[in-house]
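What follows is a set of notes on a single structure, which appears directly below.
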Amino acid sequence: MIKLPLLLRSSRLLALLTLCVLATSLAGCDPALNWREARNNDAGFTVLFPAKPSSFDRTVNLDGLQVPMTMTAAEADGVSFAVATAVIDDKAQRAKALLAMQTGMTRNIQGEIVEQKSVNVKGGATAVEVHATGKSGQTGTPLALFARFFQRETRVFQVIALGPKEKLSADTADTFLSSFALN
């Protein structure tokens, strides 16, 4: 039986082992993504963003319904990560707004839904999770969209990761989407 120290004396084996350790340690590290927790106490959520997020408010048209919406977003390596939320008192209007949010995001990238499923959101909500592909209207660059749409009480939520297909992996999108938690 060959002992480990004897194996490590071989320079080729040592170099290979060093390369394996280095590759393994770097596999999960993307220097462009610096994950940090962001909290919105008014809307009642926490989420991990891959860069420092900014927040802003604007009124949006959701299928004829003018809604003041708060957005918290960050961009990293050409990929956008965002949480948009609004309060809609009328229950029927909330369902309509959620559908308009989903349709609008897909339409914005001239996209097609590749996969759609129900998922549980941390903190007690059920979301429609969508994976869509499309293209940039300006450059024609292939895009990927990963999003969750859901409501809690009178508030609607849209949690999205959107970017060039070659830069936005399903794993990165899942890190963002799965980190979202209602307080």
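Observations on the structure shown:
- Condition met for ILE109 (in contact (Cβ under 8 Å) with a residue 60 or more places away in the chain, hydrophobic (A, V, I, L, M, F, W, C) and open to solvent by less than 40 Å² (accessible area, probe 1.4 Å)): no
- Per-region count, the range 71-82, residues within 15 Å of PHE56 (Cβ to Cβ) and not hydroxyl-bearing (Ser, Thr, Tyr): 6
- Looking only at residues in the range 142-177 that are assigned to a loop (DSSP other than H, G, I, E, B) and closer than 17 Å to ALA76 by Cβ, the one that is least open to solvent (accessible area, probe 1.4 Å) is LEU168.
- Candidate set: the range 37-71, residues that are among the polar types (S, T, N, Q) and touching a residue at least 40 places away in the same chain (Cβ under 8 Å); chosen: the one most open to solvent (accessible area, probe 1.4 Å): ASN41
- Enumeration of residues in the range 83-103 that are open to solvent by 20 Å² or more (accessible area, probe 1.4 Å) and within 18 Å of PHE56 (Cβ to Cβ): VAL87
- Any chance LEU98 is over 16 Å from SER179 (Cα atoms) and in contact (Cβ under 8 Å) with a residue 24 or more places away in the chain: yes
- Pair list, Cβ < 8 Å and 6+ apart or interchain, from the range 152-178 residues that are closer than 19 Å to GLU37 by Cβ to residues that are at pLDDT below 95: THR172/ASP30; THR172/LEU33
- Checked across the range 125-141, the condition of being touching a residue at least 40 places away in the same chain (Cβ under 8 Å), surrounded by 13 or more Cβ atoms within 10 Å (Cβ to Cβ) and over 28 Å from ASN183 (Cβ atoms) holds for no residue.
The values are calculated or read from the model by the stated rules, or taken from the named source; none is laboratory data. Here the structure is a predicted model, which means the values were calculated and not measured. No Cβ is skipped: glycine too gets one built from the backbone with ideal geometry, and neighbour counts run over all protein chains shown. Just so you know, the surface numbers come from the protein's heavy atoms only, side chains and all, with ligands and any DNA or RNA stripped out. Shrake-Rupley method; radii C 1.70, N 1.55, O 1.52, S 1.80 Å.
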